[in-house]
Amino acid sequence: MLRAASAVLLTALLVLLGVPAHADTAAFTKDSEWSGGYTGRFTVTNTGNAQLTGWTVGFDLPSGTSVGSYWDALLARTGAHYEFRNREYNGTLAPGASASFGWVSSGTGTPQNCTLNGRACSGPADTTPPSVPSGLTVSGATGTSLKVSWNPSTDDTGVAGYDLVRDAGSPTAVTGTSTTVTGLSPNTTYSFKVRARDAAGNVSAYSVLL
């Protein structure tokens, strides 16, 4: 008969990291190109959870490349540095909305050191861990195996998987919210705990021992 270990009361300090109000991005593409230049475009997307009320995309162009005509933005230039600011009709973006501006490039160099409102155009790094898994249960016990299940965690970018630990062993990667543990011995007490992880490598705290 398999017996689950008694729960251990854990006291932890949880630092809650909220999703940034503005997690905006700006992506560069070439709409067309030729031997001496190209038509470039940046698309600004509000990937956050609050309305964006203005944007400025800044970047550098290498020597031999410059901006000619442009549209759907206002331009300020200092040497090889360009800053495109929204027009009055495309600066306010609801969550999930996007706006684009474009230009004709003289030369083949592409934008470098891109910033959006002073931050990297790729958006802020994901540093928010998933929530702690809860509701661990054991079922289907046999003489040498049992099934461990838990409630799914949540994450701002999605949970990539879970790590299950038996006793003081090494974590075992699990893709779903349950797994069958084998190789057990009858009449032996085992303990289990699980944590969640996301694609950025952030991990939650471990659940309470089962």
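Test of understanding: among VAL132, VAL148, which residue is of a type in the set (Val, Ile, Thr), part of a strand (DSSP E or B), surrounded by 14 or more Cβ atoms within 10 Å (Cβ to Cβ) and in contact with a strand residue (DSSP E or B) (Cβ under 8 Å, 6 or more places away or on another chain)?
VAL148
Can you tell me which condition ARG77 does not meet? The list is (1) touching a residue at least 40 places away in the same chain (Cβ under 8 Å); (2) surrounded by fewer than 13 Cβ atoms within 10 Å (Cβ to Cβ); (3) not acidic (Asp, Glu), and all the others hold.
In the conditions (1) touching a residue at least 40 places away in the same chain (Cβ under 8 Å); (2) surrounded by fewer than 13 Cβ atoms within 10 Å (Cβ to Cβ); (3) not acidic (Asp, Glu), ARG77 misses (1) alone.
Within the set of pairs 6+ apart or on separate chains, which have a first residue in the stretch 40-57 that is farther than 19 Å from GLN112 by Cβ and assigned to a strand (DSSP E or B), a second that is at pLDDT 90 or above and of a type outside the set (S, T, N, Q), and C-beta atoms under 6 Å apart?
Listed by first residue and then by second, the contacts come to LEU52/LEU93.
Out of the stretch 104-123, which residues are among the small types (Gly, Ala, Ser), surrounded by fewer than 17 Cβ atoms within 10 Å (Cβ to Cβ) and under 20 Å from GLY40 (Cβ atoms)?
SER106, GLY107, ALA120, SER122
Filter the stretch 80-103 down to the residues that are assigned to a strand (DSSP E or B) and surrounded by 15 or more Cβ atoms within 10 Å (Cβ to Cβ) and list them by number.
Matches in the stretch 80-103: TYR82, GLU83, PHE84, ARG85, LEU93, SER98, ALA99, SER100, PHE101, GLY102, TRP103.
State yes or no: is ALA141 modelled with pLDDT under 90 and not in a strand (DSSP E or B)?
Answer is yes for this residue.
Can you report the number of residues in the stretch 163-200 which are closer than 19 Å to PRO152 by Cβ and surrounded by fewer than 13 Cβ atoms within 10 Å (Cβ to Cβ)?
Going through the stretch 163-200 one residue at a time, the tally reaches 5.
Let's see how each residue does on (1) out of contact with any Lys or Arg (no Cβ under 8 Å at 6 or more places or on another chain); (2) on the phi > 0 side of the Ramachandran plot:
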| residue | (1), (2) |
| --- | --- |
| PRO130 | no, no |
| THR137 | yes, no |
| GLY143 | yes, no |
| ASP155 | yes, no |
| GLY158 | yes, yes |
| ARG197 | yes, no |
| ALA200 | yes, no |
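Among residues belonging to the stretch 152-207 that are part of a loop (DSSP other than H, G, I, E, B) and free of Cβ contacts under 8 Å to residues at least 24 places away in the same chain, point out the one that is nearest to GLY123 (Cα to Cα).
My answer is GLY201.
Could you tell me which of the residues PHE192, PHE101 is outside the structural domain of TRP34 (by TED's automatic domain parsing) and among the hydrophobic types (A, V, I, L, M, F, W, C)?
PHE192
The values are calculated or read from the model by the stated rules, or taken from the named source; none is laboratory data. Please read all numbers here as calculations on a predicted model, not as lab measurements. As a convention, Cβ positions derive from the backbone with ideal geometry for all residues, glycine included, and neighbour counts pool all protein chains shown.
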